[in-house]
Amino acid sequence: MLNLGVLASGRGSNFQAIIDAINSGYLKAEIKVLITDNPNAYAIERARRHGIEYLIMLPKDYPSKDDYYRAIAEELKRRGVDLVILAGFMRVVKRPLIDAYPMRIMNIHPALLPSFPGLHGQKQAVDYGVKISGCTVHFVDEGVDTGPIIIQAAVPVYDDDTEESLSERILRQEHRIFPYAIRLFAEGRLSVEGRIVRIKDHPKEESHFTNPPVEGI
Ligand code: GAR
């Protein structure tokens, strides 16, 4: 059984999607702990409801960022966590945690990386005027949203979209691809060579998604 540790800062809808995937039998894994940097995170309520242990760990309680991430790594290791899930964790993870879990930390980002890394990926896409955006699950390295990409989902961006409307459309895809990426990991189907993630027995599908749809050809 794959043991997960989830880090989340807010609402926790991706955390919930992973809980639901486990409860339905889609994902064979167990969430050992939720760690949050926000005492008001709604993710805590979700953990409570599902009987998942949670820890509130605040950076200000540690002498340095490195100490903070070392303490997080220790809590995760103590609970036998194999894979760390960043489910809306709004901080750049530092070395002590990355070194404790090399290519064992997954993040979800609300844009098609390498476009629009960092904060507010959805607003960046709307402001730029791209016609397609989406979300990305990737392994975490020391950069900001730069690690090897596991899976991406594309959604259209309409010219009357707002940050909120695009965020909702992207979120629906986040809730599909995050549990799937974890499932691929749990099934031992992911390997990383340089920055390329290879997926064993990966079906290939050629679709023809354009936005706007091409008329007449
Ligand atoms: C999600 O849209 C996630 O992609 C994003 O925060 C939201 C968290 O929602 N993460 C980032 O922007 C990371 N840089 P949730 O708390 O409902 O899962």
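The values are calculated or read from the model by the stated rules, or taken from the named source; none is laboratory data. Nothing here was measured: the structure is a model prediction, and the numbers come from that model. Every residue, glycine as well, gets a Cβ built from its backbone with ideal geometry; the counts of neighbours run over all protein chains shown. With ligands, DNA and RNA removed, areas are computed over all heavy atoms of the protein, side chains included. Shrake-Rupley method; radii C 1.70, N 1.55, O 1.52, S 1.80 Å.
Summarising the strand pairing of the chain, around 45 percent of its internal DSSP beta bridges are antiparallel.
Here each label is just a point 7 Å from Cα along the line to Cβ, and for K60 and Y158 those points are 4.2 nm apart. Over 25 Å between Cα atoms: which of K28/K94; K32/K94; K60/K94 fall into that group? Where the Cα-Cα span goes over 25 Å, the pairs concerned are K28/K94. Judged by the gyration tensor of its Cα atoms, with axes a ≥ b ≥ c, the range 1-125 is rounded; a/c sits under the 1.5 cut. The accessible surface of the range 1-75, taken with every protein chain in place and a 1.4 Å probe, is 47 percent carbon and sulfur. Each of P212, A125, T146 was scored by the projection of its Cα onto the charge dipole of the chain, and the greatest displacement toward the positive side belongs to T146; charges sit on the C-beta of Lys, Arg, Asp and Glu. By definition, a body whose alpha carbon gyration tensor gives a ≥ b ≥ c is prolate when a/c is 1.5 or more and a/b is larger than b/c, and the chain fits this prolate description. Peptide packing: for 205-211, 40-46, 29-35, the average count of neighbouring Cβ atoms within 10 Å per residue gives the ranking 29-35, 40-46, 205-211, highest mean first. Per-residue Karplus couplings for the range 3-13, computed as 6.51 cos²θ - 1.76 cosθ + 1.60 with θ equal to phi - 60°, are listed in order as 9, 9, x, 10, 10, 9, 10, x, 3, x, 5 Hz, Gly and Pro entered as x.
Shape of the range 61-178 from the C-alpha gyration tensor: prolate (a/c of 1.5 or more and a/b above b/c, with a ≥ b ≥ c the square roots of its eigenvalues).
Listed highest first by mean packing, meaning other Cβ atoms within 10 Å per residue, what order do 179-187, 3-11 come in?
Working: 179-187: 19.6, 3-11: 22.4.
So the peptides 179-187, 3-11, ranked by packing, come out 3-11, 179-187.
Residues considered: N23, N14, N107. Largest GNM mean-square fluctuation over the chain, using C-alpha springs under 10 Å, is found at N23.
Accessible surface for the range 1-112, divided over its residues, is 45 Å² per residue with a 1.4 Å probe.
Students often check this: by mean Cβ neighbours within 10 Å, which of 88-98, 150-160, 133-143 ranks highest, and how do the rest follow?
Details: 88-98: 18.0, 150-160: 16.3, 133-143: 21.8.
Result, highest mean first: 133-143, 88-98, 150-160.
Relative contact order of the range 136-217, please, whole-number percent, based on alpha carbon pairs below 8 angstrom and at least 6 residues apart. Once divided by the residue count of the range 136-217, the mean separation gives 27 percent. A simple spin-label model places pseudo-atoms 7 Å from Cα toward Cβ; at M1 and E30 they are separated by 0.3 nm. Take the Cα of H120, step 7 Å toward its Cβ, do the same at F209, and the gap between the two points is 2.5 nm. Between the range 82-132 and the range 171-193, the alpha-carbon centres lie 14 Å apart.
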